[in-house]
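**Student:** First the structure, which I've put down as structure tokens, then a few questions once you've had a look.
Each value in this text was obtained by applying a stated rule to the coordinates, not by laboratory testing. Predicted model only: the values in this text are computed from it and were never measured. Heads up, the Cβs are rebuilt from the backbone with ideal geometry, glycines too, and the neighbour counts pull from every protein chain shown.
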Amino acid sequence: MDDQFVIALCYDKKMEYCSVVNSYFLCEGECILRVISKDEAIILWDKLNSEFKFKPGTDITGEWIIIPGDTKKYHKATPWSEEQEKIINSILKELGLEKMYALDWNHDCFEFSPMEDISMNYNYYDPDRQCQVYFPTYYPDGDYYFFIDSTWNCGIFGHPWRNEIIVMGKELIKRFEKNKGRLGL
């Protein structure tokens with residue numbers, strides 16, 4: 001079950017372990033957060049590598065990702081505050097994004113809904129794997145963090161040591177621009 005482990009955070013804020021049945025999960029209440037399987041993560045990372053030309057590494061020059069479509073690059077030297085994280089989540093809500101992927105390079109990746117306010121630095125202990133599981137923040141704090149909607153039309157891509165955030169998608173860019181001052185960009 002290690003590659004099919006799923007945990008769901010339900011709208012009623014109760015943590016419940018859910019059963020996986022043909023890639024669906026069952027839970028009392030609507031599931032909004034789950035650790036995706038290793039197989040699913042491989043598919044997502046392969047898509048990111050092939051279509052977005054993602055190149056992780058320590059080189060500080062050149063392109064580390066080539067995102068098709070409308071993008072805007074921001075530089076931010078400090079992590080976002082809890083209030084700024086809430087602003088970003090509210091922007092995603094405004095866009096009506098109900099299903100997104102949170103990809104944390106070389107760590108657990110998630111399917112989640114911005115409609116539920118997942119708190120900054122959210123984590124829990126996974127007794128089956130005997131480890132702490134951390135949901136990434138919107139600011140990359142030492143690893144590549146990518147937040148992509150399920151249609152791959154908009155997203156937030158963070159580089160951990162270049163202090164870069166790339167926002168993808170016209171409407172998402174408009175909202176980031178509108179909140180640029182509040183986000184410290």
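**Student:** Got a sec to turn the phi values of the range 163-168 into Karplus ³J(HN,Hα) couplings, 6.51 cos²θ - 1.76 cosθ + 1.60 with θ = phi - 60°, whole Hz, x for Gly and Pro?
**Tutor:** Once rounded to whole Hz, the list reads 6, 10, 10, 10, 9, 10.
**Student:** Going down the list Lys38/Lys72; Lys38/Lys76; Lys38/Lys170; Lys38/Lys180; Lys99/Lys178; Lys38/Lys178, which pairs span over 29 Å between their C-alpha atoms?
**Tutor:** Lys38/Lys72; Lys38/Lys76; Lys38/Lys170; Lys38/Lys180; Lys38/Lys178, as the Cα separations exceed 29 Å there.
**Student:** I've got another one for you. What does a probe at Arg129 reach in the range 31-61, counting residues whose amide N is under 20 Å from the point 7 Å along Cα→Cβ?
**Tutor:** 31-48
**Student:** Report ³J(HN,Hα) in whole Hz for each residue of the range 41-57, in order, from the Karplus equation J = 6.51 cos²θ - 1.76 cosθ + 1.60 where θ = phi - 60°; Gly and Pro get x.
**Tutor:** So the Karplus estimates, Gly and Pro as x, are 4, 4, 4, 5, 5, 4, 4, 4, 5, 7, 8, 10, 6, 5, 10, x, x Hz.
**Student:** Around Lys99, which amide H atoms from residues at least 5 apart in sequence, or from another chain, sit under 5 Å from its own amide H, with H modelled in the peptide plane?
**Tutor:** Placed amide hydrogens put Ser150 under 5 Å from Lys99.
**Student:** Let me ask another. Classify the range 60-123 as rounded, prolate or oblate, taking a ≥ b ≥ c as the square roots of the eigenvalues of its Cα gyration tensor: rounded when a/c is under 1.5, otherwise prolate if a/b is larger than b/c and oblate if not.
**Tutor:** Rounded.
**Student:** Same structure, new question: Would you pull out the residues with amide H under 5 Å of Leu33's amide H, same chain only if 5 or more places away, H placed 1.01 Å from N?
**Tutor:** Leu9
**Student:** Rounded, prolate or oblate: which fits the range 27-185 when a ≥ b ≥ c are the square roots of the eigenvalues of the alpha-carbon gyration tensor, with rounded for a/c under 1.5 and prolate only if a/b beats b/c? Show your work: numbers first, answer last.
**Tutor:** Working: a/c = 1.42, a/b = 1.18, b/c = 1.20.
Cα axes put the range 27-185 in the rounded bin.
**Student:** I would also like to ask the following. Hey, fewest Cβ within 10 Å first, where do Ser113, Ser50 land in order?
**Tutor:** In increasing order of surrounding Cβ atoms, one gets Ser50, Ser113.
**Student:** Let me ask you something else. Convert each backbone phi in the range 89-106 into a coupling constant with the Karplus relation 6.51 cos²θ - 1.76 cosθ + 1.60 (shift: θ = phi - 60°), then list the ³J(HN,Hα) values in order as whole Hz, x for Gly and Pro.
**Tutor:** For the range 89-106, the Karplus curve yields 4, 5, 4, 5, 5, 4, 6, x, 7, 9, 9, 9, 10, 10, 9, 10, 4, 6 Hz.
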